[in-house]
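The values are calculated or read from the model by the stated rules, or taken from the named source; none is laboratory data. Keep in mind that this is a model prediction, so the values were computed, not measured. Cβ coordinates were reconstructed from backbone atoms using ideal geometry, including for glycine residues, and neighbour counts include every protein chain displayed.
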Amino acid sequence: MDDRIHGPMVLRLARYLRVLQELKGLGLVKVFSNNLGDAIGATPAVVRKDFSVVGVTGNKRGGYTIDTLIGTLTEVLGKKESEDVIVVGCGRIGTALINYQEFAREGIRIVACFDANEDRLSSEGPVPVLSMTDFPAFVHEHNIEVAVLAVPDHVATNVFELMVDAGIRGVLNFTSVELKCGAACEDHGCTEECTVHNANIGLEIENLIYLIRLKRNAAAAGAAAVDAAATDANSEV
């Protein structure tokens, strides 16, 4: 992969691809940088720069050909028709994930869920719930590289190490424990370092609340400044 393609850009490329597939489904043939920018919250300049990095050119009048973009982005991202993923932890979050119908539209297939609670185990339904004792063999047999971690916090680290040891190289972590791959990979002799995305929902909500308050306070301060300026102007009359 091009050294200029970094984490945030990969995320943008994936978002572009999703939007482009929706536009193609609507029968559109061309798209402009401002359309894609509006759809994912980026400026047209950022869109054009991203596309130039992956070797796609367009023009202000003609825009970009949707099929060309889809083909290039699919190749750059290494996307397949279907990516097999497993979920570890079949509590409320895990159950919600395996029942989420939109994954199929994104080319993501949840093929199994694993849990230590025997009462949750079941081979029925489209997604079997299997025992953690079967985890290493399943990962190896089905060549699984990506997993979602949705277990209780107190077992998160131990389960994460088990996942890495079994061969998982990408983890979406829904626990509140901040997990890192470096030490785990070193301890288990991985030939390829894994990648963890820590999706701390509570932290994200706190950040969102903070940003809302920051904007509200800024707006209030701006209004106060306008009122003060108006008062000063009236006093000078």
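Applying the condition of being farther than 9 Å from V151 by Cβ and assigned to a helix (DSSP H, G or I) to the range 86-100 and asking which residue is nearest to the chain's Cα centre (by Cα) yields L97.
Return only the number of the condition from (1) modelled with pLDDT of 95 or more; (2) surrounded by fewer than 16 Cβ atoms within 10 Å (Cβ to Cβ); (3) under 17 Å from the mean Cα position of the chain (by Cα); (4) not hydroxyl-bearing (S, T, Y) that R105 does not satisfy. Only one criterion in (1) modelled with pLDDT of 95 or more; (2) surrounded by fewer than 16 Cβ atoms within 10 Å (Cβ to Cβ); (3) under 17 Å from the mean Cα position of the chain (by Cα); (4) not hydroxyl-bearing (S, T, Y) is unmet by R105, namely (1). Scanning the range 60-103 for residues that are among the acidic types (D, E) and closer than 30 Å to N34 by Cβ gives D67, E75, E102.
Within the range 151-172, being closer than 17 Å to D84 by Cα and not charged (D, E, K, R) holds for M163, V164, A166, G167, I168, G170, V171, L172.
The number of residues in the range 46-66 being more than 24 Å from the chain's Cα centre (by Cα) and not in a loop (DSSP other than H, G, I, E, B) comes to 4.
Scanning the range 47-79 for residues being under 27 Å from I108 (Cα atoms) and free of Cβ contacts under 8 Å to residues at least 40 places away in the same chain gives a total of 11. Residue-level check: of (1) over 30 Å from T157 (Cα atoms); (2) out of contact with any Leu (no Cβ under 9 Å at 6 or more places or on another chain), I70 misses just (2). Of all residues in the range 27-45, those satisfying the criterion of being touching a helix residue (DSSP H, G or I) at 6+ places or on another chain (Cβ under 7 Å) and either of a type in the set (D, E, K, R) or in a helix (DSSP H, G or I) (or both) are K30, S33, N34, L36, G37, A39, I40, P44.
Among the residues that make up the range 19-27, is at least one of them at pLDDT 90 or above, on the phi < 0 side of the Ramachandran plot and within 19 Å of the chain's Cα centre (by Cα)? Yes, because at least one residue in the range 19-27 is at pLDDT 90 or above, on the phi < 0 side of the Ramachandran plot and within 19 Å of the chain's Cα centre (by Cα).
For the range 77-84, indicate whether the set of residues that are buried (at least 17 other Cβ atoms within 10 Å of the Cβ) and not charged (D, E, K, R) is non-empty. No, the range 77-84 contains no residue that is buried (at least 17 other Cβ atoms within 10 Å of the Cβ) and not charged (D, E, K, R).
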